[in-house]
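What follows is a short report on a single structure.
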Amino acid sequence: MTDWQALEKKYYMQVAKRLPVTLVKGQGVRVWDDKGKSYIDCVAGWAADNLGHCHPAFVAALIEQAQTLTHVSNQFYSVPQVKLAQILMDNSCFDRVFFCNSGAEATEGSVKLARRYGKLHRNGAYEVITANNSFHGRTLAMTAATGQKRFHDPYEPIPVGFVNVDFNNVEAVMAATTEKTCAVMLEPIQGEGGVNVPSDGYLKQVRQWCDRKNLLLILDEVQTGFGRLGTLFGYQLYGVEPDIIALAKGLGGGVAIAAFLAKEKASVFAPGEHGSTFGGNPLACATAYANVKFIIENKIPEHARKIGEYFVGRLQGLRSRFSFITDVRGRGLLLAVEFDRDITDKVVAECIEEGLLLNPLKPNTIRFMSPLIITKKEVDEVVGILEKVLAKV
Ligand SMILES: *Cc1c(COP(=O)(O)O)cnc(C)c1O
């Protein structure tokens, strides 16, 4: 049997902290490794596989489009792109979209748009305020936007134009605002930074401040979009409308596609000021269209909200049994469990043995981001495995 993990170590740049599982197949919330062992997948491609693996709704669209027209340039019109744009506008507060290929491209494009806005409408303002413990992607500029020093250090000097302030603190945003500021960019709930849930009024207060100062509010919903928090978009959960939103993970059903959407007032790119070769190509857009349509028509966000509440209840149950669980947090199906000690690696390794895949978020915190189609019965299975493992560590 081929040792794929040894070959990876030989040929791949050693940047990913991989867990010792080689996945070869997926169906629904389950994946299989190359030895035929099955797992419940609470990583879901880092919160991208919202309908689980190989969902028939988008697989059919993917195959059909692959056989019809895979890729053409944005020098021409193409039908799936327009259809996807339309369904996104019909189901959000935005007016226009740009399609790209990854979350980092979507956030970086959002920042470019905000800088254009600053140049045109705020005397050349270019600075973007972002939050500590945020995560906005891996391009050089988005590394600077990300408010975590460990992402900056290896690449210094990092691009200028970003100010990092404390999350969930509107005064910090106010204090950091100057005549150079053009926008504030936040995740509604910080994902990579710890599943950090802000107080209910925070985003509303930031929205009011942005209105007062003529700043754009960008929400990075790369992780929270498409039902993850129990609403189609996270901004709906907090009752605010951003000027720009960045989307990626849940958009394509596992196919690489991302987007940023903007209100008309913020849609200030002129012809030639932005572009992409693969962004919005027929294959990705047809797949994403089928994926988004299914999510909306089948009220998947509402399912995620209800199942998420059930999931949290079951995790709270574990908390009352195991005193070393210090916190259970999150919304919808973006959830985290925090321990009073650094047992993440052990817990995640033991769960793999038992057939459950989890995300080691921090040395003392694990993250759950299952497909949104997970059932109560499957949640029971997840919690059962976790309970068994926690009783041993
Ligand atoms: C994952 C993520 C990104 C980066 O997405 P990539 O597709 O990896 O470039 C940006 N912002 C947030 C909030 C994310 O969770």
**Prompt:** Where in the chain are the DSSP H helices whose alpha-carbon span along the long axis reaches 20 Å or more and whose Kyte-Doolittle mean is at least 0.0?
**Reply:** 282-297, 376-390
**Prompt:** Which value in nm describes the separation of the simple spin-label points at Cys54 and Tyr77, placed 7 Å from the Cα toward the beta carbon?
**Reply:** 3.8
**Asked** Can you give me the Cα centroid spacing of the range 288-318 and the range 57-129 in angstrom?
**Response** 25
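Using 0.36 nm times the number of residues separating Val21 and Ala270, minus their current alpha carbon distance, what extension gain do you get? Don't jump to the answer; show the numbers that get you there.
On the way: separation 249, 0.36 × 249 = 89.64 nm, distance 4.67 nm.
My answer for the length gained is 85.0 nm.
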**Message:** Please enumerate, by chain and number, the lysines with C-alpha under 22 Å from the C-alpha of Lys249, excluding those fewer than 8 residues away in the same chain.
**Reply:** Lys17, Lys25, Lys83, Lys112, Lys263, Lys293, Lys299, Lys306, Lys362
**Where labels lie 7 Å past Cα in the beta-carbon direction, separation of Lys377 and Lys10 in nm** = 4.4
**Request:** Could you give the size of the charge dipole of the chain about its Cα centre, using +1 on the Cβ of each K and R and -1 on the Cβ of each D and E, expressed in debye and rounded to the nearest 20?
**Result:** 100
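Just from its helices, what would the mean residue ellipticity at 222 nm be for the chain, if runs of 4 or more DSSP H residues each count -39500 (n - 2.57) and the sum is divided by every residue, rounded to the nearest 500 deg cm²/dmol?
Numbers: 14 runs with 152 residues, N = 393.
So the calculated ellipticity at 222 nm is -11500 deg cm²/dmol.
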**Item:** the range 180-223 and the range 245-269: distance between their alpha carbon centers, rounded to Å
**Value:** 16
**Asked** Using 7 Å Cα-to-Cβ label points, what is the Asp90/Asp166 separation (nm, one decimal)?
**Response** 4.5
**Request:** Give the dimensionless ratio obtained when the Cα radius of gyration of the chain is divided by 2.2 N^0.38 Å.
**Result:** 0.98
**Prompt:** Counting every Cα pair in the range 265-393, what percent are over 26 Å apart?
**Reply:** 39
**Fill in**
the range 142-173 scanned against label point 7 Å out from Ser199 along Cα→C-beta; backbone N under 19 Å for 165-173
**Request:** Just the number, please: carbon plus sulfur as a percent of the accessible area of the chain, 1.4 Å probe, no ligands or DNA/RNA counted.
**Result:** 53
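In Å², and per residue, what accessible area does the range 12-155 have when probed at 1.4 Å with the other protein chains present? Mind dumping the intermediate values first?
Working: 7650 Å² over 144 residues.
Computed with neighbouring chains in place, this is 53 Å² per residue.
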**Asked** Say R0 is 51 Å: what FRET efficiency, to the nearest 0.05, do Leu69 and Val393 get from their beta-carbon distance?
**Response** 0.45
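The values are calculated or read from the model by the stated rules, or taken from the named source; none is laboratory data. A quick note: this is a predicted structure, and the numbers were derived from the prediction, not measured. Here the Cβ is made from the backbone with ideal geometry for all residues, glycine too, and neighbour counts use every protein chain on show. Calculation scope for accessible area: heavy atoms of the full protein, side chains included, ligands and nucleic acids excluded. Shrake-Rupley method; radii C 1.70, N 1.55, O 1.52, S 1.80 Å.
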